[in-house]
Amino acid sequence: MKHRWYKILGAILLVGSVFPTLLIPQATQTVQAPGPYARIAVMRALDGHSVDWEAGYLRHLEWHRQAKDTFAWYSYSVWASTERQRWIIYATFGHTAVELSNPVSPAEDERDNLINLLPHSQFLGNGLYEFLPSLSRGNGVPTPTLRAEYTTVELNYGTGKAFEAALAAEQSKLQGETLWYRLVVGGDMPRYVRLRPRTSLASILDERADQSLPDKVNGLVAKMAVETLNLRTNMLLNVTPEPAR
């Protein structure tokens, strides 16, 4: 029996020396959480320039690829809206302040914009937003689904804290991915946007009861708009769209 235990111990040591990963647990890989800031901007093609604008935008995205831009850029077209139908919302999410302060080759980026986009488009807004996890369900970087519901809320001055407290109290009731952002700079404040990525228009319609905000914020809201977005799968950078279901 004693000799048998020596043989077993020797076999364990041999396996451990040849295949150390069998005996030593693998180090846990650390996944860095996304940063809190997003850039959300809006533009539209000039009348009669839609084809040239789209071609120019695709060339501009190719410039970003060639420049090895690591940002993930989303592009949505506004499908259902009172004023902004066919406008483009382009955005990047999950950044730190340092990352946003150091974009890839800003002078060359602007030069390429002047060549490929400005002759065919009008830029209509560019805001920096902060993700609000206590109001949301998700990590601030939207799932790139083919559809999304996009809500813009403008509040009466000085009501932001009360608005956020009311939404935070309802956060546990959220059923699907629901991302709230607060405008930090780039427009009239206080302004918030809510992005709810969904796989289809049917999903948005089935959840239309969830569009409503808590009753207690009714007196705080100056203006609210709900729009439906289509992900432009041919206008993405470092983003892999979710397949249709």
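The values are calculated or read from the model by the stated rules, or taken from the named source; none is laboratory data. Note that the structure is predicted; figures quoted are calculated from it, not measured. Here Cβ is always computed from backbone atoms with ideal geometry, including for glycine, and neighbour counts include all displayed protein chains. Note: accessible area is taken over every heavy atom of the protein model, side chains too, but ligands, DNA and RNA are not part of it. Shrake-Rupley method; radii C 1.70, N 1.55, O 1.52, S 1.80 Å.
Some values worked out for this structure:
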{"quantity": "Whole-number accessible area per residue in Å² for segment 107-196, which is evaluated in the context of all protein chains at 1.4 Å", "calculated": "47"}
{"quantity": "Approximate spin-label separation Asn102-Leu201, in nm, with each point projected 7 Å along Cα-to-Cβ", "calculated": "4.4"}
{"quantity": "All aspartates and glutamates inside 19 Å of Lys216 as judged from Cα atoms, apart from same-chain residues fewer than 8 positions distant", "calculated": "Glu154, Glu164, Glu170"}
{"quantity": "Cβ-derived FRET efficiency at R0 30 Å, Arg208 paired with Phe123, nearest 0.05", "calculated": "0.45"}
{"quantity": "For segment 201-245, diffusion coefficient by Stokes-Einstein and Kirkwood Rh (Cα), 25 °C, 0.890 mPa s, µm²/s", "calculated": "177"}
{"quantity": "Heavy atoms of Glu83: accessible area, 1.4 Å probe, square angstrom to 10", "calculated": "140"}
{"quantity": "Prolate/oblate/rounded call for segment 107-149, Cα gyration tensor, a/c under 1.5 rounded", "calculated": "prolate"}
{"quantity": "Helix-only mean residue ellipticity at 222 nm for the chain, each DSSP H run of n ≥ 4 adding -39500 (n - 2.57), per residue, nearest 500", "calculated": "-8500 deg cm²/dmol"}
{"quantity": "Relative contact order, percent, segment 70-206 [alpha-carbon distance under 8 Å, six or more residues apart]", "calculated": "25"}
{"quantity": "Heavy-atom accessible area order for Val141, Val153, largest first, 1.4 Å probe", "calculated": "Val141, Val153"}
{"quantity": "Rounded percent of accessible protein surface that carbon and sulfur make up, segment 139-218, 1.4 Å probe", "calculated": "49"}
{"quantity": "Convex hull projection area averaged over all views, the chain, Cα basis, nm²", "calculated": "20.5"}
